[in-house]
Amino acid sequence: MKFMKLGSKPDTFQSDGKNVRYVASELASDIVVNVGDVKFYLHKFPLLSKCACLQKLVANSSEGDGDEVYIHDIPGGPTAFEICAKFCYGMTVTLNAYNVIAARCAAEYLGMHETVEKGNLIYKVHVFLHLSIFRSWKDSIIFLQSTKSRLHLCEEVKLISHCIDAIASKTSTDVSKVNWSYTYNRTKIPEENGNGPNSNGIKSRVVPNDWWVDDLCELEIDLYKRVIVNIKNKGIVSSEVIGEAIKAYTLRRFPGFSKGVFQFSDVSRSLSILDTVVSLLPAEKGSVSCSFLLKLLKASISVDSGEKVKAELVKRIGKQLEEASVNDLLVRATDEEATMYDVHLFHRILEDFVMHNEDLKTQLEDGNEIPEVRKPGVLSEASKLMVAKLVDGYLTEIAKDPNLPLSIFVGLAEMVTNFPRPGHDSLYRAIDIYLKEHPGISKSDRKRICSLMDCKKLSVDACRHAMQNERLPSRIVVQVLFFEQVRSNASSGSSTPDLPKAIRDLTGASHGENSEVTASAEELRALKEELAALRLANGGLNDKVTGDTKPHIDKAANGSMKSLLSSKRIFTKIWSSKGRKQGKNSGSDSSDSLGSASLEEAKYTPSRKGRYSVS
C-alpha cells in the first residue's frame, strides 16, 4: 500500500479523558475548537496561518468568546480534524488510501488552499493522489470505496471521477503490461506453478484478460456502474470480458444465484442491483450466456422488476435461445395463474427468437451486411434445429400440467412447425403425455393435437408404441401402420405396391385436413397382423434368391400378395365405413365422400415396377 508522510516534528497530541485532546507544549492554548463532542485545546497561530475557515470563525465571533469555535459538521469528524491540525503544527502525519479521502474533505472544509499558504494540505493530498494512489490498482479500489460516505463533497472536488478514470484505464491496459498485484479467484494453471511441459520448474505469470473482475466486485452498485460505463466507453475491453465481470459481480452479491436460489433480505436493494446489472449488459450477442440471462429473468420476476427490465431480458434471451436448456426455461407461474409454469413468458421468448431470425433474414435479403451473422448459429439450420428440440422438451414438461389449455400447447408447437426436425419422437412423447394427462378432451381436440406430428418421421420404436397407443385417433394409428410397412419394405429391398386412392389420401393427408377415420379395435388388430405377416413374407422372399429356389420364390410371392391384398381390404373397409358415415351426415369432418372412391379402387393392380411372376 502506498503512503505519504507529512511533517517532521514528533506527535505531541495527548488525551485527557475521552472527549478532550490537547498539545503538550510550554505555551498555553489560546483557542478551543469543538468538533462534535470532542474539545481540542490548541494554538491560534499554526491553525489560522493555514485554515481560512478558522480565520473567519475567530474573526466573526464576539470578543468575549473569540477563543472558542464550533465546527460540528466537518467531514470525517474529530479524526479528520486532528490530521489537519497536526499538519498545521508540522507534526508527522501518515496518509494512505484509507484516510486520505477524509483528510482531503476536511481540508476542503477548513479552506486549506494554496491561496492561504503555499504548500498547504490540499496541494499535498493532490500530489499524493495522482502520483501514488491513482497509479496503484488496489489503492484506487480502496480509495473509491472510502468515498461512499462523502459522495457529495467528493463529487464537488472531482475526486471520484479522477479515480474512476484511473481504474478504467488500468482495466484497458494490455495484459502483457500488467505488472501490479490483483485478486483473481481461480485455480492456477500448471504454467504458473512451474509444472508446465516447457516451464522447467520456473514459475511464470500468465495474466488473464479478466484479471480485474474480482477486485471490482467489492464496489457498491452505484460506483460499480460508473466504472463499467467508463470501461465500455473506452472501447478497448471486449464485450465478453465485460459480460464476465457483470456475471461475477452478480454472483458475489447473490450467493445462491448460480444454483437458481433467490433469497433477497433487502428487496429494495436487490431490485436496484438487478436493474443496474441488466442495464450494464453489453449489447453484443453472446457477451453473457443464455443460462445467466434466464437466471436474471427469474430473479427479476422474484423481486418484481419493472416490465422494461423483463422485456429487455426476454429480447436478449430470444436472440440466443438455442443455448438454453429446458430446466432453465421452466419458470414457475404466479399464484394468480392456473398453470404450473409461466408458459406465456416462454411464448414471448420463442416469439422473439422467431422475429429476430426473420429480421436478420430480411436484412440479408436487402443486401445489408450484418456482423452478427458471421457467428455460428445465427440463421443456421443447426440453430433452428436446437430450438425445435428445445420446444419439444419444453412441451414434454408442461404437458404434465392438468390445467394446461390445448391452445397453448398447440400454439407453441406451431411456432416451430417450419423448423427442421429429423425426427418427431420427442414431439410424439409430448403429445402422448398431454393425452394421458387430459383424458377428457374431445375427439376434435385429439385430432388437432395429433396433427402436429408427421408419422413419417417417427422412429421404429415410436411407431411400435404408437400402434399400441389407444389414446391416439384411429386415423393416426392407420398412418403409423402404413408408414411402418413402407419402411419395412424399403429396408428389405422390396418395392411398395400401388395403393387405392382412398388409402393414398389417408396416408398423404395434410396436417390441416379435418377428416377422421373410424375403425374398430378388431379392424386395427387385423391390420396389424396382416402387416406383420407381410413383413415376414418379404423377409422370406429376400432370403431365397438362388437360381434353384424358384418354387420357393413363387410361394413367398404368392403369400406376400395375399397378405397385402388382405391388408388392403382392411384399409378399404375402414375407409368405406367412414364414407358411409359421411353420406349419412353431411356435416361431418370431411366434405368429400370417399366411400365410393374406395370401392372403385379396391381392385388391386400391382405396380409394374414391383410386380412378381407367379405363374
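What follows draws every value from the coordinates through simple rules; no lab data is involved. Everything quoted here is computed from the prediction, not taken from an experiment. Ideal geometry is used to build each Cβ from the backbone, glycine not excepted, and the neighbour counts take in all protein chains shown.
Between rounded, prolate and oblate, where does the stretch 390-480 land on the alpha carbon gyration tensor, with a ≥ b ≥ c its root eigenvalues, rounded for a/c under 1.5, else prolate if a/b exceeds b/c?
Because a/c hits 1.5 or more and a/b fails to exceed b/c, the stretch 390-480 counts as oblate.
Along the stretch 317-333, what does the Karplus equation 6.51 cos²θ - 1.76 cosθ + 1.60 (θ = phi - 60°) give for ³J(HN,Hα), rounded to whole Hz, x for Gly and Pro?
3J(HN,Hα) across the stretch 317-333, in whole Hz: 5, x, 6, 9, 4, 4, 8, 6, 10, 4, 4, 5, 7, 7, 9, 4, 6.
Find the relative contact order for the stretch 1-51 and round it to a whole percent, using C-alpha pairs within less than 8 Å whose residues are 6+ positions apart.
It comes to 25 percent, rounded to a whole number.
What does the charge count around A168 come to, taking other residues whose C-beta lies under 11 Å from its C-beta (Lys +1, Arg +1, Asp -1, Glu -1)?
Combined, the nearby Lys, Arg, Asp and Glu give +3.
Report relative contact order for the stretch 68-179 in percent, whole number only (criteria: Cα-Cα under 8 Å, sequence separation at least 6). Write out the running numbers ahead of the final one.
Working: 80 pairs, mean separation 24.3, N = 112.
Computed over the stretch 68-179, the figure is 22 percent.
Residues in the stretch 471-489, backbone N under 14 Å from the label point at S442 (7 Å along the Cα-to-beta-carbon vector): list them, ranges by number please.
Residues passing the 14 Å test: none.
At 7 Å along Cα-to-Cβ for each site, give me the label-to-label distance between R471 and K308 in nm.
4.6 nm
Pull up all non-local amide H partners of E68: gap of 5 or more, or a different chain, and H-to-H distance under 5 Å with H placed in the peptide plane.
Excluding prolines and chain starts, which carry no amide H, the hits are V32.
How much length is gained on full extension from A382 to V326, taking 0.36 nm per residue of separation minus their Cα-Cα distance?
Computed gain between A382 and V326 is 18.4 nm.
Could you pull out the pairs from K148/K225; K170/K308; K9/K44; K384/K457 whose alpha carbons sit more than 23 Å apart here?
From K148/K225; K170/K308; K9/K44; K384/K457, over 23 Å: K170/K308.
Name the residues whose placed amide hydrogens come within less than 5 Å of the amide hydrogen of Y341, ignoring near sequence neighbours (fewer than 5 apart) on the same chain.
Distant-sequence amide H within range of Y341: A333.
Could you tally the net charge around V387, taking each other residue with its Cβ under 13 Å from the Cβ of V387, Lys/Arg +1 and Asp/Glu -1?
Spelling it out: positives minus negatives among the neighbours equals -2.
Tally Lys and Arg at +1 and Asp and Glu at -1 over the other residues with C-beta under 10 Å from the C-beta of V35: what net charge comes out?
-1
Please work out whether the stretch 43-92 counts as rounded, prolate or oblate from its C-alpha gyration tensor, where a ≥ b ≥ c are the square roots of the eigenvalues and a/c under 1.5 means rounded, while otherwise a/b larger than b/c means prolate and anything else oblate?
It comes out oblate by the Cα gyration axes.
Could you order peptides 15-27, 127-139, 397-409 by the average number of other Cβ atoms within 10 Å of their residues, highest first?
Ranking the peptides 15-27, 127-139, 397-409 by packing returns 127-139, 397-409, 15-27.
What is the packing order of peptides 98-106, 413-421, taking the mean over residues of other C-beta atoms within 10 Å and listing the highest first?
My ranking of the peptides, most packed first, is 98-106, 413-421.
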